[in-house]
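Take a look at the structure set out below.
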Amino acid sequence: MKRLLLFDIDGTLTRSHNGHIPFNEAILKTFGVPGDIRSVIADGNTDPLIIADIFATANLSIEDIDDKWEEFARNLRESYSRAIKSGITTLRALPGAVELLRKLTSGGILGCSVVTGNLEAMAQVKLEAAGLYSYLCRGAYGSDSPRRADLPAIAKQRWEAATNLTIYPDDCIVIGDTPKDFEAARHNGMKCILIATGRYPVQELLCLKADACLTDLTDTEAVIQTLLKI
Ligand SMILES: [Mg+2]
């Protein structure tokens, strides 16, 4: 059975501490105004929409905002890498994530890729810091589209182009931690597993009626069985 797994990063595979410090630093450096990611609900959103929300909340109007994403990505990557190196920001793989990806990729049955609201440059920094980068194919990112619902189809196309295989949307599983991951999966006719390791507790995620809902990724065998049977 061929299946493609599209993993979200923040709250699903990784968790960061003090990630707001380099993020806010990159906002100031790029746009010349202070902005605070803690003023908005960022979970499940894409970086371009998070920035737009931050400026809207602060009543700031930024000219030519769409011309600055590359510069922002560069500044964010620099700030974040420096913050990780100095220990100001920490980022780690969530329990079970490394074991799960190692097992999935060694079997070769299930393709593993990424759907995340992070800009691609940032996704790479985070996955490298968490020791997960080598397990995942190039997927889709906030730098591809600010609309999360656009991203699963882009990740599917990239995986198909890289492997020379064709996969049906129904054989793709989005794995995330927020209602936005679920909406993006359904918008693309894909399956969805929600993991309660982010902001949303399992009771809240269960209400969405995804194909499965797990408390975490720690039981590798149970997670793989779920991935195979839904
Ligand atoms: Mg997430």
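The values are calculated or read from the model by the stated rules, or taken from the named source; none is laboratory data. Remember, predicted model here, so these are calculated numbers, not experimental data. When we count neighbours, we look across all protein chains shown, and the Cβ atoms used for this are built from the backbone with ideal geometry, even at glycine.
Note on the stretch 172-190: residues that are closer than 19 Å to Arg158 by Cβ and charged (D, E, K, R) amount to 1. No other residue among Leu206, Leu214, Leu228 is at pLDDT 95 or above and over 22 Å from Gly117 (Cα atoms) apart from Leu206. Filtered by the rule that a residue be farther than 23 Å from Cys137 by Cα and touching a strand residue (DSSP E or B) at 6+ places or on another chain (Cβ under 8 Å), the stretch 80-108 gives Ile84, Thr89, Thr90. How many residues are of a type outside the set (S, T, N, Q), in contact with a helix residue (DSSP H, G or I) (Cβ under 6 Å, 6 or more places away or on another chain) and not in a helix (DSSP H, G or I) when one looks only at the stretch 64-95? Of the residues in the stretch 64-95, 3 are of a type outside the set (S, T, N, Q), in contact with a helix residue (DSSP H, G or I) (Cβ under 6 Å, 6 or more places away or on another chain) and not in a helix (DSSP H, G or I). Consider the stretch 19-47 and keep the residues that are closer than 15 Å to Arg77 by Cα and either assigned to a loop (DSSP other than H, G, I, E, B) or in contact with a Pro (Cβ under 9 Å, 6 or more places away or on another chain) (or both). The one that is farthest from the ligand (Cβ to nearest atom) is Leu28. Among the residues of the stretch 194-230, those that are within 13 Å of the ligand (Cβ to nearest atom) and among the β-branched types (Val, Ile, Thr) comprise Ile195, Thr197.
You will find that of Leu60, Leu5, Leu13, the residue that is closer than 26 Å to Ala155 by Cβ and more than 12 Å from the ligand (Cβ to nearest atom) is Leu5 and no other.
Residues in the stretch 166-193 that are of a type in the set (Ser, Thr, Tyr) and away from the ligand (no atom under 16 Å from the Cβ): Thr166, Tyr168. Among the conditions (1) surrounded by fewer than 20 Cβ atoms within 10 Å (Cβ to Cβ); (2) of a type outside the set (A, V, I, L, M); (3) in the same structural domain as Thr46 (by TED's automatic domain parsing); (4) touching an Asp or Glu at 6+ places or on another chain (Cβ under 9 Å), the only one that Pro146 does not satisfy is (3).
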